[in-house]
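Student: The following block contains the structure, expressed as structure tokens.
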Amino acid sequence: MEFKPSEGNFGIKVERNPSTSRLAELGIKSWPKWGCPPGKFPVKYEAEETCYLLKGKVKVCGTNKGCSSSSSPSECVEFGAGDLVILPKGLSCTWEVSVAIDKYYKFDSSSSSSS
């Protein structure tokens, strides 16, 4: 099966419920783990991050708008448990965590957006 992620705003790519073989191919279980409680915080990506959410739910919005009830769906990207997500280098955004996060992640400082 070919990998066809949906690409949201800001170059964020979300692959919903990737197969077990896809996760094994990426070696996800060897990646570091990170978690956080619900909350809202700014993030600037100095390197591309690939993460796989084990649990939780988050909405990522561009920092110029932030997450609010007035933000349109096109200004924010939502993902949660079971999603494989790629966040591009250079992205400035706000994470609004509605359900506590537990994820595997890795950073790739040598990434380029031309791949």
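Student: Can you tell me which residues in region 26-44 are in contact with a strand residue (DSSP E or B) (Cβ under 7 Å, 6 or more places away or on another chain) and open to solvent by less than 50 Å² (accessible area, probe 1.4 Å)?
Tutor: Ile28, Trp31, Gly35, Cys36, Gly39, Val43
Student: Exactly one condition in (1) on the phi < 0 side of the Ramachandran plot; (2) surrounded by 13 or more Cβ atoms within 10 Å (Cβ to Cβ); (3) at pLDDT 90 or above is false for Gly82; which is it?
Tutor: (1)
Student: When you scan region 1-63 for strands (runs of 3 or more DSSP E) that lie fully inside it, which ones turn up with 1 or more residues that are under 26 Å from Glu75 (Cβ atoms), of a type in the set (Lys, Arg) and at pLDDT 95 or above?
Tutor: In region 1-63, 13-16, 39-44, 48-62 are the strands (runs of 3 or more DSSP E) which contain 1 or more residues that are under 26 Å from Glu75 (Cβ atoms), of a type in the set (Lys, Arg) and at pLDDT 95 or above.
Student: If you don't mind, another one. When you check Ser110 against the structure, is it at pLDDT below 95 and among the polar types (S, T, N, Q), yes or no?
Tutor: It is true that Ser110 is at pLDDT below 95 and among the polar types (S, T, N, Q).
Student: Still on this structure, please answer the following. Identify all residues within region 15-25 that are open to solvent by 90 Å² or more (accessible area, probe 1.4 Å) and either more than 14 Å from Ala81 (Cβ to Cβ) or of a type in the set (Gly, Ala, Ser) (or both); write none if there are none.
Tutor: Hits for region 15-25 are Thr20, Glu25.
Student: Being under 16 Å from Trp34 (Cβ atoms) and more than 10 Å from the chain's Cα centre (by Cα) is the filter; apply it to region 85-102 and report the residue that is most open to solvent (accessible area, probe 1.4 Å).
Tutor: Here the residue is Val99.
Student: Which residues, taken from region 75-108, are outside any strand (DSSP E or B) and over 12 Å from Ile12 (Cα atoms)?
Tutor: Ala81, Gly82
The values are calculated or read from the model by the stated rules, or taken from the named source; none is laboratory data. Please read these numbers as outputs of a predicted model, since none were measured by experiment. Cβ sites come from the backbone with ideal geometry, for glycine too, and all protein chains shown count toward neighbours. Remember, those area values only see protein heavy atoms, side chains included, never the ligands or the DNA or RNA. Shrake-Rupley method; radii C 1.70, N 1.55, O 1.52, S 1.80 Å.
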